[in-house]
Amino acid sequence: MTQNISTTLSTTIPSITSCNPKYLVEARRHLDDLTKPIGSLGRLENIAAQVFSILGGDIKFPMHRGAYIFAADHGVTEEGVSAYPREVTVQMAYNILQGGAGISVLARFHHAELTLVDVGVDTEFDSAGGLCRAKVRRGSRNMHLEAAMTHEELSAALDVGIRMANEAKDKGMTLVSVGELGIGNTTAASAIAVALTKKSSDILTGPGTGLDSAGRNRKRQIIEESVKLHFGDLKDSIDPLEVLRCVGGLEIAAMTGFILGAAANQMVVICDGVISTAAAAVAYAIAPNVREYLIAGHCSEEPGHQYLLQYIGLTPILGLGMRLGEGTGAVLAMPIIESAVRLFAEMATFSSAGVSTATE
């Protein structure tokens, strides 16, 4: 594991234990006793069993929901990899804080407490409700020329995410989503996907915020050259934290820390699109037990997303053709997840309802 990683991370990773299998057995037994044909709720049954297992059989309603957005700028935007200028990160951050962004609308509607975490935006924000100031640096370095972060910066960004997860637990949250904001971050996420999955940048690189074919080709080239600069031909195994440090970003590092911290705190973690799933993939590569705590909210239109989901072993709940980011797809999945758990907890059983079973 990469050098100079903090004691916070080194103590968090061993805390990520596998869920106790007895809760899955108990959940399956209960689901099969509900007043319905066995398996008739489809994937909702798997979701309910997973949540019951994560929470150790202790489900309380309403589920306390939290939506976390980690924001940072990227030095790789100097290479012309985005259709939007870097200033849009700041502008959209204010839009979120003022309640006008897509995630703002969805978080309000679905009763998720929204927190924007500034871990690396190239500005100094005034105080605002829902804003957490945790800046490590005003944007990552240009990964096409050098590592995106130093060891110390990576460690600090991971610590931000772990701290936010610990605070979410202290607030009593059980269902949390992880999203992001940062012009250039689909480039970083795609580079992470290339390094982890060993698949071609041709397959994994998408249009991001709306690049045309020439822009997409330029982006693919930058990703390929950046990965080669740091990791050569990818034949050797790579420390996932080095992948994150060299071709990731401050917000992706913070999301990785958040996912690790949330798993250590036994919370249900919902991933959003390709960027938050890149963070989840790094977290999974570091601590494979993380997968048991993860739910994929949706599958985005970014081509690398499906490969990252396959790498972790996740099946998305929704497929709406979205590629907005901000955690929107993850928050949209929250009512489906809670619906599954409500059915599990509140439906009558055959015995309690006096209904005959299929064998009677």
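Where a number appears in this text, it was derived from the coordinates with a stated rule and is not lab data. Source: prediction; values computed, not measured. Cβ coordinates were reconstructed from backbone atoms using ideal geometry, including for glycine residues, and neighbour counts include every protein chain displayed.
Of note:
- For segment 224-300, alpha-carbon Rg relative to the globular expectation (2.2 N^0.38 Å, N residues): 1.13
- Two-decimal Rg/Rh across segment 215-268, once Rg and the Kirkwood Rh are taken from alpha-carbon atoms: 1.11
- Percentage relative contact order, the chain, counting C-alpha pairs under 8 Å, at least six apart: 24
- Neighbour counts of other Cβ atoms within 10 Å put E302, E79, E167, E124 in the fewest-to-most order E124, E167, E79, E302.
- Alpha-carbon centroid distance for the pair segment 294-320 / segment 106-169, whole angstrom: 23
- Check: the chain dipole with +1 on Lys, Arg Cβ and -1 on Asp, Glu Cβ, in debye: 420
- Angle in degrees between helix 328-346 and the longest Cα principal axis of the chain, rounded to the nearest 10: 20
- Distance (nanometres) between label positions extended 7 Å along Cα→Cβ at S352 and E146: 6.2
- Over segment 1-133, the Kirkwood radius and the radius of gyration, each from Cα atoms, give a ratio Rg/Rh of 1.10.
- Rounded tilt (10° steps) of 21-33 against the dominant C-alpha axis of the chain: 50
- Bridges between two residues of the chain, per DSSP, are antiparallel at a rate of about 5%.
- The value of relative contact order for segment 235-360, using C-alpha pairs under 8 Å at least six residues apart, is 21 percent.
- Helix axis angle, 250-264 relative to the chain longest principal axis, alpha carbon, degrees: 30
- Dipole magnitude for segment 1-126: about 840 debye, using +1 per Lys or Arg Cβ and -1 per Asp or Glu Cβ, origin at the Cα centre.
- Only aspartates and glutamates eight or more places from K219 in sequence, or on another chain, were considered; those with a Cα closer than 14 Å are E78, E79, D202, E302.
- Burial ordering of F344, F52, F70, F61, fewest other beta-carbon atoms within 10 Å first: F61, F344, F52, F70
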